[in-house]
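Heads up, the thing below is written out as structure tokens.
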Amino acid sequence: MLQTCGENWGIKGVIMAIRNILSKSSDWLRGEGPHHQIVVSSRVRLARNLSGAPFPGWAKKAERTQILERIRPRVEELPEMADAFSFACQDLSALEKQVLVERHLISREHAAKGPGSAVVMNKRQTLSIMINEEDHLRMQAIRSGLQLRAAFKALNKVDSELEQKVDFAFDPVLGYLTACPSNVGTGMRASAMLHVPALVLSEQINQVIQAVNKIGLAVRGLYGEGTEALGNLFQISNQITLGEREEEIIERLQKVILQIIDHEQNARQTLLQQRSNTLLDSIGRSYGTLRHAYSMGSKEALNLLSLAKLGCDLGFYSEEQQHAVDELFMETQPAHLQKGSPKKLATEERDTLRADIIRRKLAEFQPPDVAGVMARVQVVPQKTGEETAPAEGTEPSGESSEGAL
Amino acid sequence: MLCDVCKTETASVFLTQIVDGKMQKVNMCEGCSKAKGVADPTGFALADLLLGMGAAQQLERTTPEGKRCPQCGFTQSEFKKTGRLGCSVCYGTFSEGLEPMLKGMHKGLKHTGKCPERLQRTQARDNALRELHADLRHAVVSERYEDAASLRDKIKALEFEA
């Protein structure tokens, strides 16, 4: 049954519903799907606006409320939202919104919104619809692994269903009209979160980013626009929304991602064969620190967990251990740590708690099976002087461009 | 080095940013940088940061001073502040300035993707009606009155549907 939490639903209901959702981890975090070792998740979002109504950023408060009241019931009655949670932004605490941001269910911008905005999401947390973000509707579907086509298909269906009931701002020439001209046309942003530690370790990542930028795709850090690339995680997405069909955009992105996967796999093999000492040192140190630290910041945690994940992919750790590592990526995020604690934690307290959680979760974690992995590797002595110099250039944390969501 | 904005004073503020993988440099004198609010990033033309240098100026140049969107009252100076438009009608209001901007950031100026089903139906009906009207004129001119009567019925039926 749909759980609507609004002004007349009572704050108790809101707390219960949000607890319910926060206690479950998102389906897309399961570490499944095609190419899941390198592609953490695939996301597609569509921006839509009601025809004739001012965009949320320009609308007056009363107009925004009116728009919300018009759209929200239409979103809630979607068959895909039969088991959904629906929250008005002002009913969520800053911490709850931050948890939703960490799960990529709402954008950082939406987390800052108060009255007149809402979010509706399904129980599995694979579909979320923000109302009155930058556009009247920002709908997104998220899947684990490389599943851009599946994510688009699901979202396109939702869009078509809504289109039967509400009149979207559409121009025969310019397509779907959005608040920002950078989204006009399809209103679609497709993106994938890639985990590419070997490209970073072998200093090839800047070359990859430059190449990807050249063909009109954007590369960003973990939380989209203007964020740092932590934990060797990068988001790659389309920039162009006008002049290309949705399917074309997705195919182009898919092709590029498959190429990056190949590069990353090659870089992993090269590290094993030619720079095994560097690789073993990184993996060994991350193991030691994760197992034995008593204070750890979120950046350090992400970077060390990334190396543990790489260790899992390369066979240094058993498959069961992989799941624990995947879960820690989310559980050690600041808001996720705070939500499990009854009192407000200071930064140092959070760092201590983070280290505790990691130590506890990895208590049974066996040391990396170096002998086992290296026995399978054909070690090639490193050739000197033939290595390509790392490219200097753009930093991965893009200062440029519009929102990823 | 002269200021890129006023072209008279010596530049002392150097702004570098990466847009679409391309490095863009803007050099400004102290006065212009203050006027543009560079020292205070929130006051700086956000449209420029978001859409590439020159986006806001482009709209400014092609739009008569004080022009407002008839639907929502939005002005180009608002666009300069936020990089966002006021409503869907703004695309028509400010089309002259928007066109080159869209050209620069997208692939062409024509949407080729999804079209709302409702609109598709309307378009199909409009096309059918246009054809029927043409046929009707021909039928009348060539005195095929029976055909004309049946065409008129078809037109009525379609118009009733609409």
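Miscellaneous remarks
- Peptide B:112-123 - average C-beta neighbours from other chains (10 Å radius): 6
- Proximal lysines to residue B:156, defined as alpha-carbon separation beneath 23 angstrom and excluding residues fewer than eight positions away on the same chain: none
- The Cα trace of region A:276-375 gives Rg and Dmax of 13.9, 50 Å, the first to one decimal, the second as a whole number.
- Its convex hull of Cα atoms gives region A:96-194 a direction-averaged projected area, equal to a quarter of the hull surface, of 7.2 nm².
- Whole-Hz ³J(HN,Hα) from phi, Karplus 6.51 cos²θ - 1.76 cosθ + 1.60, for region A:176-188, glycine and proline x: 6, 8, 10, 4, 9, x, 6, 10, 5, x, 7, x, 9
- Averaged over A:44-55, number of beta-carbon atoms from partner chains that fall within 10 Å: 3
- Where the alpha-carbon atoms of region B:117-161 are placed on the principal axes, they occupy 38, 16, 8 Å, in descending order.
- A viscosity of 1.306 mPa s and a temperature of 10 °C, combined with the Kirkwood radius over C-alpha pairs in the Stokes-Einstein formula, give region B:75-162 a diffusion coefficient of 93 µm²/s.
- Highest average packing first - A:130-137, A:250-257, A:16-23, Cβ atoms within 10 Å: A:130-137, A:250-257, A:16-23
- Entries in B:67/B:110; A:24/A:339; A:157/B:114 that, when Cα-Cα distance is taken, lie over 18 Å: B:67/B:110
- Rounded if a/c under 1.5, otherwise prolate or oblate - region A:239-296, Cα gyration tensor axes: oblate
- Number of partner chain Cβ atoms within 10 Å, mean per residue of A:162-168: 2
- Put simply, when B:66-74, A:31-39 are sorted by average Cβ atoms within 10 angstrom per residue, most first, you get A:31-39, B:66-74.
- The Kirkwood radius of region A:262-328, taken over pairs of alpha-carbon atoms, gives through the Stokes-Einstein law at 25 °C and 0.890 mPa s a diffusion coefficient of 196 µm² s⁻¹.
- Interchain or long-range residues, amide H under 5 Å from residue A:221's placed H: A:226, A:227, A:235, A:398
- In Hz, Karplus ³J(HN,Hα) per residue of region A:38-50 (6.51, -1.76, 1.60; θ = phi - 60°; x = Gly, Pro): 10, 9, 5, 7, 10, 9, 10, 10, 10, 9, 9, 9, 6
- Here is the P(r) of chain A: all C-alpha pair distances, binned every 20 Å from 0, give 26, 55, 18, 1 in whole percents.
- Between B:149, B:124, B:138, the Cα set farthest toward the positive side of the dipole of region B:117-161 (charges on each charged residue's Cβ, about the Cα centre) is that of B:124.
- Residue A:117 long-range amide H proximity, modeled H, under 5 Å: A:89, A:90
- Stokes-Einstein diffusion for region A:27-185, with the hydrodynamic radius set to the Kirkwood value over Cα pairs and evaluated at 10 °C in a medium of 1.306 mPa s, equals 99 µm²/s.
- Rounded to the nearest 20 debye, dipole of region A:276-375 from Cβ charges on Lys, Arg, Asp, Glu: 440
- Taking the Cα centre of region A:132-178 as origin and assigning +1 to Lys and Arg Cβ atoms and -1 to Asp and Glu Cβ atoms, the resulting dipole is close to 420 debye.
- Charge dipole of chain A about the Cα centre (unit charges at C-beta), most positive-ward option of A:316, A:136, A:71: A:71
- In Hz, Karplus ³J(HN,Hα) per residue of region A:272-281 (6.51, -1.76, 1.60; θ = phi - 60°; x = Gly, Pro): 4, 7, 10, 10, 4, 5, 4, 5, 4, 4
- Highest to lowest packing among A:104-111, A:211-218, scored as the average C-beta count within 10 Å: A:104-111, A:211-218
All of the numbers you see were taken from the coordinates with simple rules; none came from a lab. Since this is a predicted model, take the numbers as computed values, not measurements. We place every Cβ from the backbone using ideal geometry, glycine too, and count neighbours over all the protein chains shown.
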